Structure formats: structure tokens, C-alpha cells
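Chemist: Please read through the structure below; I'll follow up with questions.
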Amino acid sequence: LRFRLAGYPRKHNEGRVEVFYNDEWGTVCDDDFTLANAHVLCRHLGFVAATGWAHSAKYGKGVGRIWLDNVNCVGSEKSIGDCKHRGWGNSDCSHEEDAGVVCKDERIPGFKDSNVIEVRKLLPLTLLAGLLSLPASVTLKDEALLRLWLECGKRAQLGVWVGALGGCAPCPACCLPALAGHTGRASGLLSAHRLFTERQQLNYRLHSVSCTGTEVHLSMCTFEFYRGNTSAACRAGMPAVVSCVPGPLFTAGSAHKKKQRQQQQQQGQPRIRLKGGAKVGEGRVEVLKSNEWGTICDDRWNLLSASVVCRELGFGSAREALTGARMGQGTGPIHLNEVQCLGTEKTLWSCPARNITQEDCKHTEDAAVRCNVPYMGYETLIRLSGGRSRFEGRVEVAVGAGDGEPLRWGLVCGEGWGTLEAMVACRQLGLGFANHGLQETWYWDASNVTEMVLSGVKCAGHEMSLSHCQHHGASLSCRNTGTRFAAGVICSETASDLLLHAPLVQETAYIEDRPLHMLYCAAEENCLSSSARLANWPYGHRRLLRFSSQIHNNGRADFRPKAGRHSWVWHECH
């Protein structure tokens, strides 16, 4: 049995229940409907449980047959078909009695959602090299090319195919949307292909691949399997090869970066961004309208619209279209609702959408995305040692991979190391945000790596690797080269993000003359300017700027002061 949630208005975890039976979609009548019925249906739909149900066609009247009536479940059944009911198609209801459910917004682990493309991780490079009979001296550059080439043979349901994509029928580059934004070039891809063909005969698995270009993954295109002798297939063709255009974050050459800068200057300030995500290519979608950043409501938010966002930002297609403020709640206006992209648009602003008022949506419904990001191998050049968990430790980086020189691990000088540098390190490690950037790590002395290899690291905070930040290069300069002065980090998958409500400060600001005898507490807390010390206490007065303040936490973690509560003291003024 197949089930779906339908109707309007609704969120992704609620709606009219529709069941596919006897090759036809139909509805369920609300007679004798209970929460136990809703539990069984929600589990069918991949949610852990139900929080409620709806009667009288709350989500609109369905069409077609009313398949079930007088359903009576205990709640533990694996299928709604196991519950008592009047029989399939036997009903005395009209569509004005269509039942709906409200499911708990928590997925059953491993359940495949239509708004999520699940792609299994590729095999380790050493295993790939063995399968492909490649030399053991494969470099990181070769690895990126191999992974890109093998991505063509990867499908969510079938895992990794060691083989080639049949190129007998036309296979345009647009039919490989999951790889858009990769830095691979045609010449490199062909050399990786030649490396393969020199050692092993090609086995074709697919042919007649036909995509419209809007698909978010190759497995969603139409194609045919080769059966029988796959090495003799595709006589009239050759393996399909794709060359991908690098996105702004993945441009290696200076020519590419110069071109990107020119495009940005022509287009002006970007009108879309991702916020609140722990990793590259994920976050809450925010758009710029009338010089004000705002969010998008998650009504009808799906993979097609999310993929337009991802491609516009220079990533691949979308891996997940997230609803329910899964990447944190934004602030300010909600600019768009019911965005319905076709998938061909170059920008989200070209997609049909509704301009909404604040009553239609709240920030608990902010839409977010997780994009497919090219594999760059940055995480293989950094590691942490000595920490109590994998999220903390002394930073060790790999250097010396050029001109046949073997990789060697070394430490980063802690001098000048701060939060921005720690942010880049945590991002490169794939560990999310930085809680702390530490300049001394004597308590994490658990590694045999003792040599300083990087100093003067200064990051802007947006870089994907420490090697992209400014640093001293080969001319190392570090006053304290002992291991205790090596840089360290504490990373976190979530973080707080404090934002001052600036308009409120402007609206409430005023000047007040206040007698000094009423300002002792303010003086104790250093809230007065330094000249107050010279005043004739308790006589006279001070002129103060007074205002109200509101601070919002836009992040996905509680804000906690750096000082633990054991160090807090009671203050009689408060």
C-alpha cells in the first residue's frame, strides 16, 4: 500500500490521507476515526507518531474513490490494511468527510522522504583503486576526478556501480545535475577514463539516458539497463563524459576567480544567501527584497525549488528541502510563500510565488536547504588530536604535497589564533561551528606531532580550508614554538547567533539627566564613562543616553555566557 498527504493549506507533516489501492488514489472516511488510526498512517508515511487527526475534509475534499470507512486500529498494526474496516471501496461517505492526520515532525530513522535524495557514500579510495586496478600512488587530485567520474554510475537505490554510463544515446551535461558546481575539467576526466580503460574492459550498465534537465538526481531521469553481455554493449557509442562549471567557492584558477568577480560586480549585491547551517551548502534560505533580508515560508517547498537555490549559489542540486525552520528561525519579514519552481530557472526570483503578509506564515515555518557539494578532499588535510571527543583537540595540518614531496603532519602556531580561524578549521573538519579558538593546548598533549608548520593564520571566516586563509607560508614566524602554544579548537554542530533588534534601539532612545546618588550601581559596573570618576559624588548629575534593547538568538543552540555559573556572583543592585 502507498500513502500520501494532500490538500491545502497544510505543512509537510499534515494533510488529507490518500491511499493508492487497485491502481487508483482514493481517500479515507472520518467515521469512527481515532488517534490510533492516525498513528498507523503516520508510521506508514515515515513519521514516528501522530499528534492529532482532522475530520470533515479540513484539508479540502479529495477526488476519486473513498477506499476505507469505519477504520478501527489498535495502534500497533504495521499496516492500515491490518485494521478493522468495512472493506475496500465499501463506504457510505462523501468527500466532505475525508479524514486527515497531523504527524509528529520527526522521521523514522532510515525512512526515505520524497523531499530527500539519499545517495550512499562512495567507496574509500583505496578500495576504488583496487577495484579499478589503479596504481597505489593515486593523488587527491586523481581521487576527485575518479569520484566525479564514478558518480555517473551511482544511484540511490543501487549503490555504486564500477562501470561506465552508456553513452550510445545523447546524454547532455544537464542530465547530471547532482554534480553541478564541481571543479573537474573535461581533460582531467578523460585522463581518468583513459587510466581506467588501459587496465580493464568497459562494462556498460545504462543507456538511453534521457533527462529534461530539471531532475535533482540522475536516478530521476529515464534510462534503460543493459542486460546480458555488458562488455559488448554500446558498440556505436562511447562512455558518457561530463565537464562541470565550478561554482564561486570551488574556483581553483585565478582566471576563474577574476571572471567570478566581474560577474558579481555586474550583478551587484547577491539577493539570496544561506544562514544557520553548520556546513558548506546548507542553511536557512534568506532573500533580499527592498534592501531588507527576509525568509521564505515552507508551504509547497520541495526539491525542485531548493535545487534552484543551490545552483544559484554555485552548488549542485538540492539533497534535502527542509521545512519547519530546521535550520533555525530567521527574523524580519517573510518575503515569499508557496514558491513553485519548475527547475529550469536560473534564480529563485524567476519562480512563481506568493507575496505574503505576516499572518500567513511565521518564522517557525522558515524554509531551508541542504545542497550537493563537490568533493574537494579538504577534510583529509586536517585533524584534531588529544581532545575528549572528536569535536575538540589540537589542530594538526598536512603540508608538503607538491613536487613529489610526501605529506607530513604539523601544528599551527597559536599566536593570533581566534574564533574566525577556528570557524574555518571546524568547517574544514566537517564538524560545524566553532565554540572556541584556543591559543594554548598544553592539556591536549597526546600526539607525537611536535613541529610547527603553519603560522600567521588570518581568516575572514568564510574560507573552506585553512590553506585559503592568509598565512606566512614557508617562512614560519612563531615566537613560541613549543607544543603547548599550538592552536586548538572546540567545535559544535549547533551554535547560538545573537542579533540586536536595531530599530527598537532607535525608536526608544532618549536623553536623561540623572543625579549621581542614583548611579552608584552603574558606576560599580563600569557603565558610566571614565570622567564620572572625577565627579563630586554624590552631588551633581550625569547626562545619559537611555534606550530599550532586544536581542534575538537566531541560532540553533542556547546562548550561554563564557563564564560558568560557579563563577557568577550576587550583585545587590539586581
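The values are calculated or read from the model by the stated rules, or taken from the named source; none is laboratory data. Note that this is a predicted model, so its numbers are computed, not measured. Here the Cβ positions follow ideal geometry from the backbone for every residue, glycine too, while neighbour counts run over all protein chains shown. With ligands, DNA and RNA removed, areas are computed over all heavy atoms of the protein, side chains included. Shrake-Rupley method; radii C 1.70, N 1.55, O 1.52, S 1.80 Å.
Chemist: What ranking, highest mean first, results for peptides 457-463, 42-48 when packing means the other Cβ atoms within 10 Å averaged over each residue?
Modeler: Packing order, densest peptide first, comes out as 42-48, 457-463.
Chemist: Then there's this: Please list the three semi-axes, largest first and in whole Å, of the ellipsoid equivalent to the stretch 406-556, using sqrt of 5 times the eigenvalues of its alpha carbon gyration tensor.
Modeler: Gyration-tensor ellipsoid for the stretch 406-556: 45, 21, 13 Å.
Chemist: Taking a threshold of 24 Å on the Cα-Cα distance, which of the pairs Lys346/Lys458; Lys104/Lys562; Lys289/Lys346; Lys11/Lys362 fall above it?
Modeler: The pairs that break the limit, which is 24 Å between Cα atoms, are Lys346/Lys458; Lys104/Lys562.
Chemist: I'd like the projected area of the stretch 369-425, averaged over all directions, using the convex hull of its alpha carbons. Report it in nm² with one decimal.
Modeler: With every direction weighted equally, the projected area is 6.0 nm².
Chemist: Another question about this same structure. How much length would be gained if the chain were fully extended between Lys362 and Trp442, taking 0.36 nm per residue of separation minus their Cα-Cα distance, in nm to one decimal?
Modeler: Between Lys362 and Trp442, full extension yields 24.0 nm more.
Chemist: Work out, step by step, the length gained on full extension between Asp31 and Leu545: first 0.36 nm times the residue separation, then minus their alpha carbon distance; give nm to one decimal.
Modeler: My answer for the length gained is 178.5 nm.
Chemist: Would you calculate the volume per residue, in Å³, of the smallest convex hull containing every Cα atom of the stretch 500-553?
Modeler: Per-residue hull volume (Cα only) is 90 Å³.
Chemist: Mind checking which aspartates and glutamates have their Cα closer than 13 Å to the Cα of Lys275? Skip sequence neighbours fewer than 8 apart in that chain.
Modeler: Glu286, Asp366, Asp497
Chemist: Quick one: accessible surface of Met464, probe radius 1.4 Å, all protein chains present, in square angstrom to the nearest 10.
Modeler: Met464 has an accessible surface of roughly 20 Å² with all protein chains in place.
Chemist: Okay, moving on. How far apart, in nm, are the 7 Å Cα→Cβ label points at Gln506 and Ser243?
Modeler: For the pair Gln506/Ser243, the computed spacing is 5.0 nm.
Chemist: Now for a separate question. Which order do peptides 522-534, 56-68, 80-92 fall in by mean Cβ count within 10 Å, highest first?
Modeler: Ranked from most to least packed, the peptides come out as 56-68, 80-92, 522-534.
Chemist: Which length gain, in nm to one decimal place, applies between Ser56 and Trp349 when the Cα-Cα distance is subtracted from 0.36 nm times their residue separation?
Modeler: Net length gain for the segment: 101.8 nm.
Chemist: Are there chymotrypsin sites (Phe, Trp or Tyr not before Pro) in the stretch 508-574 that DSSP puts in a loop and that have at most 13 other Cβ atoms within 10 Å, and which ones?
Modeler: Tyr539, Phe547, Phe559, Trp568, Trp570
Chemist: With 5 Å bins from zero, work out the P(r) of the stretch 2-103 over every alpha carbon pair and list the percent per bin.
Modeler: 3, 16, 27, 30, 19, 5, 0
Chemist: Mind computing the radius of gyration and Dmax over the alpha-carbon atoms of the stretch 265-381? Å is fine for both.
Modeler: Rg then Dmax for the stretch 265-381, in Å: 13.8, 49.
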